[in-house]
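All remarks here apply to the structure that follows.
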Amino acid sequence: MGLMSNYWRLANFWIGVAALCLVSLCVGAEEAEPQAGQAAAPLFASHAPLQVTIEAPLTTLMRERPNEEYLPGTFSFTEDDGTKRTLDLKLRTRGKYRREERHCDFAPIKLNFRKSQVIGTILDGQDKLKLVTHCRSKKQSYEQLLLREYFAYRVIGAITTSSYGVRLFHIRYVDTEGAEPITKPAFVIEDIDAVAARHGMQPVRTGHISSNDLDRRQQNLVHIFQYLIGNTEYSLFKAEPNDHCCHNSDLMSSTGDAPFTPLAYDFDFAGIVNAPYAEPNPRYKLRSVRQRLYKGLCKNNDLLPLTLQSFAQKRDEIYAIIDAVESLNRRSERALTRYLNEFYDRIEKPKSVERRFIWRCNEVR
């Protein structure tokens, strides 16, 4: 039975290859993207780093780590045209793992702006934004980890518009309670309402779902992306404990019902980031987070040729992102390049595709 199952997996894959060649003459095929309803907001229309100053009671913020109550502050920045602005700001800590002090001495932050103040600025249309921070203030290596995670968001953004926009900040943190100012990189993540609006969709909150409830093309693409970055800390089907579906994945839909389009986020446990606190999920028996594992479904093997081709077509653009992130040091550049090289070497060889994807896929669920 196992041998026959493997036979049909491989047969479905090569049927997909044949179909792809008929449609595209084996060159230039691209996956269809969902129709966009709106353009990206000004903040996410550029990848140029934004120079920012946040002035707030940061000592209290990081000591008490409020998850609901906001503290007052100000947010100063320079527009792309050189205009300097200062806005009122409310901020609190957010997240789960990185919000715990034993993991990060500087927690991730939720930024809350006054809608009336952002009109006509680069923040036009923004209200609440997730800020990904540097985690540990006295270890410069953590700044590189943040930039590597930012790179992962940029990669999936290059592959599909059904993804979160990100914008890199260089932030000067000024503590109104007397601590010395520090300057660190950070990045903000587009709100899910904005991502959904760009595609004429709406966010969906629900419990457990099945793979049949997901858009097949997008779920296949997300699984390959997660394989590229070496991430197993996600699920497209299961709800997080006491939360909505899914683990490090959000959902959106044009009707509020299936099919749902999954949005991947939170990549700090990925091998491409290689954070010192990251450990492989014990259920998969991996040696380290750098070891890749494919979590795609066998029933989608017919889509695999098209999905892999979409990654192959974006290869040069993805490598170019490494050079575009100016704050990456040489060590990070080399590490990212090697990790990408390994991925592309694997997807370009038919025997490797069979061994690492076709035979390793997961059965229907």
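Taking the C-alpha atoms only, the angle from helix 330-347 to the longest principal axis of the chain is near 20 degrees. Pairwise Cα distances in the range 33-109 exceed 21 Å for 47 percent of all pairs. This model, with +1 at the C-beta of Lys and Arg and -1 at the C-beta of Asp and Glu, gives the chain a dipole about its Cα centre of some 1300 debye.
Against the chain, whose longest principal axis is taken from its Cα atoms, helix 2-24 shows a tilt of about 80°.
With a 1.4 Å probe and all protein chains left in place, how much accessible area per residue does the range 246-351 have, in Å²?
Details: 4920 Å² over 106 residues.
That works out to 46 Å² per residue.
Distance between the modelled labels on His244 and Thr176, one decimal in nanometres: 3.2 nm (7 Å Cα→Cβ projection).
Histogrammed with a bin width of 10 Å, the alpha carbon distances of the range 311-365 distribute as 21, 38, 27, 13, 1 percent, first bin at zero.
If N is the number of residues in the range 147-286, what value comes out of its Cα radius of gyration divided by 2.2 N^0.38 Å?
1.16
For the chain, DSSP calls about 80 percent of its internal beta bridges antiparallel.
Note on Arg63/Lys115: beta-carbon distance plugged into 1/(1 + (r/R0)^6) with R0 of 35 Å gives a FRET efficiency of 0.75. The long axis of helix 315-324 is offset from the longest Cα principal axis of the chain by roughly 20 degrees.
The accessible area of Cys361, taken with all protein chains in place and a 1.4 Å probe, comes to roughly 10 Å². In straight-distance terms, cross-link reach from Lys285 covers every one of the lysines whose alpha-carbon lies under 23 Å from its own, apart from those fewer than eight places away in the same chain; here that gives Lys238, Lys295. Label-to-label distance, Lys139 versus Asn281, with points set 7 angstrom from Cα along the beta-carbon direction: 2.4 nm. Working from Cα pairs under 8 Å separated by at least six residues, relative contact order for the chain is 18 percent. Modelled spin-label separation between Arg338 and Tyr70, with each label point placed 7 Å from Cα along the Cα-to-Cβ direction: 4.4 nm.
Placing unit charges on C-beta atoms (Lys and Arg positive, Asp and Glu negative, everything else neutral), compute the dipole magnitude of the range 263-365 about its Cα centre in debye, rounded to 20.
Values: 20 positive and 14 negative charges, 128 e Å.
The dipole of the range 263-365 has a size of about 620 debye.
Atom-type composition of the exposed protein surface of the chain places 50 percent of the accessible area on carbon and sulfur (1.4 angstrom probe).
Here, the range 76-147 yields an orientationally averaged convex hull projection of 5.8 nm² when only Cα atoms define the hull. Semi-axes of the equivalent ellipsoid for the range 58-179, computed as √(5λ) from the eigenvalues of its C-alpha gyration tensor and ordered from largest down, come to 22, 21, 14 Å. In plain terms, if you count all Cα to Cα distances in the range 214-365 and split them into 10 Å steps from zero, the share in each step is 10, 37, 38, 14, 1 percent.
Panel values: the range 167-233, Kirkwood radius from alpha carbon pairs, Stokes-Einstein at 37 °C and 0.692 mPa s, translational diffusion coefficient 204 µm²/s. Farthest towards the positive end of the charge dipole of the chain, among the residues Ala194, Leu236, Tyr294, is the Cα of Tyr294, using unit charges on the Cβ of Lys, Arg, Asp and Glu.
For the chain, the 222 nm mean residue ellipticity estimated from helices alone, with every DSSP H stretch of n ≥ 4 adding -39500 (n - 2.57) and the total spread over all residues, rounds to -10000 deg cm²/dmol.
The values are calculated or read from the model by the stated rules, or taken from the named source; none is laboratory data. Predicted, not measured: the structure shown is a model, and the values here were computed from it. When we count neighbours, we look across all protein chains shown, and the Cβ atoms used for this are built from the backbone with ideal geometry, even at glycine. When the accessible area is computed, the model is the full protein with side chains, heavy atoms only, and any ligands, DNA or RNA have been set aside. Shrake-Rupley method; radii C 1.70, N 1.55, O 1.52, S 1.80 Å.
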